[in-house]
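J.: Let me begin by handing over the structure; questions about it come next.
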Amino acid sequence: MGSTCEIPRKQITYELDIMSAVFSRKFGAIELSILADYYGREIAAYDIQTMRCDLYGQDRKYSERVMLIYDGLHYDALAMSPFEGAPEEFDQTIFTVLEDRTIGPAEGHVLHLVKDQQRKRSYTDTANFTLRCGVCQIGVIGQKEAVEHAQTTGHVNFQEYR
């Protein structure tokens, strides 16, 4: 005899709220602003898909900047290595903001990296990605359909497929 597990509606609603937040780029904006203020550094977040850079803390004129790259689902910290094969402890993750409010040549290197990652399609387009429900195996396209399916069925287990 098999057993079933009922998920309370309140928990499903909570999981849907989290899923919507994860799929939303705005989920990180508030947190990144808070982190910029907490650490007293600008945070530059580069979006691979749009090649846009959102700069947090720039209004505070901080003297240092860290950089993140966003792939549509999560952020990764960017580090600059002084030479190929250098030990990780030599990586630079904090950059001095110059008088012209740039970080010098490092900025160009990052833009090149983001452009290269976009060309390779190293991002997830949450509006158009294809997902399969892990419970009923139905296919959905994009965040909107996934959330609608989850609200209708209570299913919150999705896998991306191509």
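J.: Pop out the carbon and sulfur fraction of the accessible area of region 62-162 as a percent, whole number, probe 1.4 Å.
T.: Details: 3280 of 6380 Å².
Carbon and sulfur together cover 51 percent of it.
J.: Further question: Which of the trypsin sites (Lys or Arg not before Pro) across region 97-156 are loop residues per DSSP, with 15 or fewer other Cβ within 10 Å?
T.: Working: sites: ARG101, LYS115, ARG119, LYS120, ARG121, ARG132, LYS144; in loops: ARG101, LYS120, ARG121.
Here the sparse-neighbourhood loop sites are ARG101, LYS120, ARG121.
J.: Can you pull out the chymotrypsin sites (Phe, Trp or Tyr not before Pro) in region 58-88 that DSSP calls coil and that have at most 10 other Cβ atoms within 10 Å?
T.: Details: sites: TYR62, TYR70, TYR75, PHE83; in loops: TYR62, PHE83.
Those satisfying the criteria are PHE83.
J.: I'd like the accessible area for VAL66: 1.4 Å probe, protein heavy atoms, all chains in place, Å² to the nearest 10.
T.: Probe radius 1.4 Å; accessible area of VAL66 about 40 Å².
J.: Now for a separate question. In region 99-162, which GluC sites (Glu not before Pro) fall in coil by DSSP and have 12 or fewer other Cβ atoms within 10 Å? Walk me through the numbers on the way to the answer.
T.: Details: sites: GLU99, GLU107, GLU145, GLU148, GLU160; in loops: GLU99.
For GluC sites (Glu not before Pro) across region 99-162 that sit outside H, G, I, E and B with at most 12 neighbouring Cβ atoms in 10 Å, the list reads GLU99.
J.: Taking 0.36 nm per residue of sequence separation and subtracting the Cα-Cα distance, how much length would be gained by fully extending the chain between LYS120 and LEU55, in nm to one decimal? List each step's numbers first, then the result.
T.: Working: separation 65, 0.36 × 65 = 23.40 nm, distance 2.41 nm.
Here the answer is 21.0 nm.
J.: I'd like the distance separating the alpha-carbon centroids of region 65-110 and region 123-147, in whole Å.
T.: A separation of 33 Å, based on Cα centres.
J.: Give the Kirkwood hydrodynamic radius (Å, one decimal) of region 48-133, defined as one over the mean of 1/r across all pairs of different Cα atoms. Working shown, then result.
T.: On the way: mean 1/r = 0.0680 Å⁻¹.
The Cα-based Kirkwood calculation yields 14.7 Å.
J.: What number comes out for the charge environment of TYR38, summing +1 per Lys or Arg and -1 per Asp or Glu over other residues with Cβ under 12 Å away? Walk me through the numbers on the way to the answer.
T.: Numbers: positive: ARG41, ARG60; negative: GLU31, ASP37.
So the surrounding residues net to 0.
J.: Could you run the Karplus curve 6.51 cos²θ - 1.76 cosθ + 1.60 with θ = phi - 60° over region 33-40 and give me ³J(HN,Hα) per residue in whole Hz, x for Gly and Pro?
T.: 5, 5, 5, 4, 5, 4, 8, x
J.: Taking H as built 1.01 Å from N, whose amide H comes closer than 5 Å to the amide H of PHE129, not counting residues under 5 places away?
T.: Placed amide hydrogens put GLY142, GLN143 under 5 Å from PHE129.
J.: Name the long-range amide H neighbours of MET67: under 5 Å, sequence gap of 5 or more, or other chain; modelled H, no Pro or chain starts.
T.: Residues meeting the criterion, in which the H sits 1.01 Å from N, are ALA44, LEU78.
J.: Something else: Can you give me the distance in nm between label points at ILE34 and GLU88, each placed 7 Å from the Cα along the Cα-to-Cβ direction?
T.: 2.7
J.: Now, a different point. Using θ = phi - 60° and the Karplus form 6.51 cos²θ - 1.76 cosθ + 1.60, what ³J(HN,Hα) does each residue of region 99-112 get, whole Hz, x for Gly and Pro?
T.: Once θ is set to phi - 60°, the couplings for region 99-112 become 4, 7, 6, 9, 10, x, x, 4, 4, x, 4, 5, 4, 5 Hz.
J.: While we're here: Would you kindly derive the ³J(HN,Hα) couplings of region 42-53 from the backbone phi angles with the Karplus curve 6.51 cos²θ - 1.76 cosθ + 1.60 (θ = phi - 60°), listing them in order in whole Hz, with x for Gly and Pro?
T.: 5, 10, 9, 10, 9, 8, 4, 4, 9, 6, 8, 10
The values are calculated or read from the model by the stated rules, or taken from the named source; none is laboratory data. Not measured: the values here are computed from a predicted model. We place every Cβ from the backbone using ideal geometry, glycine too, and count neighbours over all the protein chains shown. Side chains are part of the model used for accessible areas, which takes the heavy atoms of the whole protein and leaves out ligands, DNA and RNA. Shrake-Rupley method; radii C 1.70, N 1.55, O 1.52, S 1.80 Å.
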